[in-house]
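Visitor: The structure under discussion is supplied below as C-alpha coordinates; questions concerning it will follow.
The values are calculated or read from the model by the stated rules, or taken from the named source; none is laboratory data. On a predicted model such as this, the values are computed, not experimentally measured, just so you know. FYI the Cβ positions are ideal-geometry reconstructions off the backbone, even for glycines, and counts take in every protein chain you see.
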Amino acid sequence: MSSLSSLSAEVAALTELLSRSRDRLVSLTEPLNASEHEDVLASLYEAERLLRASERALLRAGRSIG
(Lines give C-alpha, C1' and ligand atoms only; values in the text may rest on other atoms or scores of the structure.)
Protein backbone atom coordinates (compact mmCIF):
# COMPACT_ATOMS: atom_id res chain seq x y z
CA MET A 1 0.00 0.00 0.00
CA SER A 2 1.43 3.35 -0.98
CA SER A 3 1.84 6.06 1.60
CA LEU A 4 -0.88 8.16 -0.09
CA SER A 5 -3.30 5.23 -0.03
CA SER A 6 -2.55 4.70 3.63
CA LEU A 7 -2.99 8.40 4.34
CA SER A 8 -6.26 8.45 2.44
CA ALA A 9 -7.54 5.48 4.44
CA GLU A 10 -6.57 7.13 7.73
CA VAL A 11 -8.25 10.40 6.75
CA ALA A 12 -11.41 8.52 5.77
CA ALA A 13 -11.42 6.65 9.08
CA LEU A 14 -10.97 9.85 11.05
CA THR A 15 -13.73 11.54 9.07
CA GLU A 16 -16.09 8.69 9.89
CA LEU A 17 -15.10 8.83 13.57
CA LEU A 18 -15.83 12.55 13.72
CA SER A 19 -19.18 12.03 12.02
CA ARG A 20 -20.19 9.33 14.51
CA SER A 21 -18.95 11.45 17.42
CA ARG A 22 -20.96 14.43 16.18
CA ASP A 23 -24.07 12.25 15.92
CA ARG A 24 -23.56 11.05 19.49
CA LEU A 25 -23.10 14.61 20.67
CA VAL A 26 -26.31 15.72 18.99
CA SER A 27 -28.20 12.90 20.71
CA LEU A 28 -26.95 14.21 24.06
CA THR A 29 -28.56 17.59 23.45
CA GLU A 30 -32.00 16.29 22.50
CA PRO A 31 -33.32 15.49 26.00
CA LEU A 32 -32.08 18.75 27.53
CA ASN A 33 -34.50 21.61 28.06
CA ALA A 34 -32.97 24.83 26.75
CA SER A 35 -34.30 27.02 29.55
CA GLU A 36 -32.91 24.78 32.29
CA HIS A 37 -29.57 23.85 30.72
CA GLU A 38 -28.65 26.81 28.55
CA ASP A 39 -24.98 26.80 29.59
CA VAL A 40 -24.56 23.07 28.95
CA LEU A 41 -26.36 23.27 25.61
CA ALA A 42 -24.23 26.21 24.49
CA SER A 43 -21.07 24.22 25.17
CA LEU A 44 -22.40 21.12 23.44
CA TYR A 45 -23.51 23.11 20.40
CA GLU A 46 -20.05 24.70 20.21
CA ALA A 47 -18.45 21.25 20.36
CA GLU A 48 -20.78 20.06 17.60
CA ARG A 49 -19.84 23.05 15.45
CA LEU A 50 -16.14 22.35 15.91
CA LEU A 51 -16.56 18.65 15.10
CA ARG A 52 -18.46 19.59 11.94
CA ALA A 53 -15.69 22.01 10.93
CA SER A 54 -13.05 19.35 11.56
CA GLU A 55 -15.03 16.84 9.53
CA ARG A 56 -15.21 19.27 6.59
CA ALA A 57 -11.46 19.93 6.82
CA LEU A 58 -10.74 16.21 6.69
CA LEU A 59 -13.07 15.78 3.72
CA ARG A 60 -11.14 18.53 1.90
CA ALA A 61 -7.86 16.83 2.78
CA GLY A 62 -9.21 13.52 1.49
CA ARG A 63 -10.22 15.11 -1.82
CA SER A 64 -6.77 16.68 -2.10
CA ILE A 65 -5.12 13.31 -1.60
CA GLY A 66 -7.20 11.88 -4.41
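Visitor: From the list Leu32, Leu14, which residue is touching a helix residue (DSSP H, G or I) at 6+ places or on another chain (Cβ under 6 Å), surrounded by 12 or more Cβ atoms within 10 Å (Cβ to Cβ) and not in a helix (DSSP H, G or I)?
Guide: Of Leu32, Leu14, the one residue that is touching a helix residue (DSSP H, G or I) at 6+ places or on another chain (Cβ under 6 Å), surrounded by 12 or more Cβ atoms within 10 Å (Cβ to Cβ) and not in a helix (DSSP H, G or I) is Leu32.
Visitor: Please work out which one of (1) under 9 Å from the mean Cα position of the chain (by Cα); (2) modelled with pLDDT under 95 is the condition Leu51 fails and give its number.
Guide: It fails just one condition, (2).
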